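Right, one structure below, let's go through it.
What follows draws every value from the coordinates through simple rules; no lab data is involved. Small disclaimer: the values here were computed from a predicted structure and weren't measured. Here the Cβ is made from the backbone with ideal geometry for all residues, glycine too, and neighbour counts use every protein chain on show.
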């Protein structure tokens, strides 16, 4: 396994996935890394919903595409078989930051176990719909959760871990 | 160096730092990892201000303490000699998520190079003050930046990398 700095600097977003379902152990390791992301006052405001069920994955993809203004023929999850949805409790004032840190660990951990991943937005709009509220209810999730993002995961169709250039003036120094 | 999954799951927030300045090379590696965090549409909306200057570090600490409603005798940076401030461009709609991912990489990278780190909030309020706007101006930073967080970094006074328990019901499955 590459060292953590290489993982973070060489990770690239994947937008073309193989349909093969990754091994359960890998998915669990990714999720575990997500749950250990730091959160404000360690309140652990986020939750993760792991979706490997094809029907549910396709349903979410279709809803997401609709929010984008696209049709059901477009798959905003780029063929990824695993969708890890991060939501966070709006009553905790750091919830967006907290949920984002969970997403960050999921993305880095996917890279670490040799999988590709991509942050897909519109989880906020998705989980404002009655349909998604019903999904939460069916899982026994109560409370005031906002969608932070979907981390879609799968095997990469193509390897591409070249570093891309960073913008100029990303970093300033007061030494 | 530990593997990335260990770094992410064993990382603990440090709130007691030694005053010793970490090696420049380590600071640079942490910053590099931060700049490679994913951002919405790769717009790279965040910037990082690296503060190792003692006077500026103390000034920011005092401002931060004041925002907390505490006095100048309290150091909200817990003695850390390095402060990496992340701000992000409010005109990019993913800016809070983007900036948080940069913060996440900084925190994990600090752990990876053997240093401790802590996310200190109130960067938003800090950089709404005229005093901090002047700092941005003096660095030649123009534009509409919001403070996301301070990643304070230094050597840990005590090692503590035991895993802390996660809340129940962090993860739900739709298989």
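The listed peptides B:9-21, B:133-145, ordered by packing as a protection proxy, come out as B:9-21, B:133-145 (highest mean of other Cβ atoms within 10 Å first).
Between this copy and the others, label points of residue B:124 are 1.2 nm apart in ascending order, each placed 7 angstrom from Cα in the Cβ direction. Note on chain B: with a GNM built from Cα contacts shorter than 10 Å, the maximum mean-square fluctuation among B:34, B:116, B:69 falls on B:69.
Dividing the convex hull volume of the alpha carbon atoms of the range B:50-175 by its residue count gives 160 Å³ per residue. Between copies, the label points at residue A:25 (set 7 angstrom from Cα along Cα-to-Cβ) are spaced 3.5 nm, reported in nanometres from shortest to longest. For residue B:70, the point set 7 Å out from Cα toward Cβ sits 4.8 nm from its twins in the other copies, listed from shortest up. As an exercise, use a Förster radius of 22 Å and the Cβ-Cβ distance of residue B:68 and residue B:23 to find the FRET efficiency, rounded to the nearest 0.05. Efficiency for this residue pair is about 0.10. Measuring from a point 7 Å past the Cα of residue A:164 along Cα-to-C-beta, which residues in the range B:34-53 have an amide N at less than 17 Å? Inside the label zone: B:34-47. Partner shielding of B:47-58 amounts to 3, given as the average count of beta-carbon atoms from other chains within 10 Å of each residue beta-carbon. Mean per-residue shielding of peptide A:19-32 is 1, counting Cβ atoms of other chains within 10 Å of each Cβ. Residues of the range A:91-115 falling in the label zone of residue A:124, defined by backbone nitrogen less than 18 Å from a point 7 Å along Cα to beta-carbon, are A:91-104.
Can you give the mean number of other chain Cβ atoms that lie within 10 Å of the Cβ atoms in peptide A:5-18? Display every interim value, and only then the final one.
Values: counts 13, 4, 10, 16, 9, 1, 6, 3, 3, 0, 0, 0, 0, 0.
Per residue, the number of nearby Cβ atoms from other chains is 5 on average.
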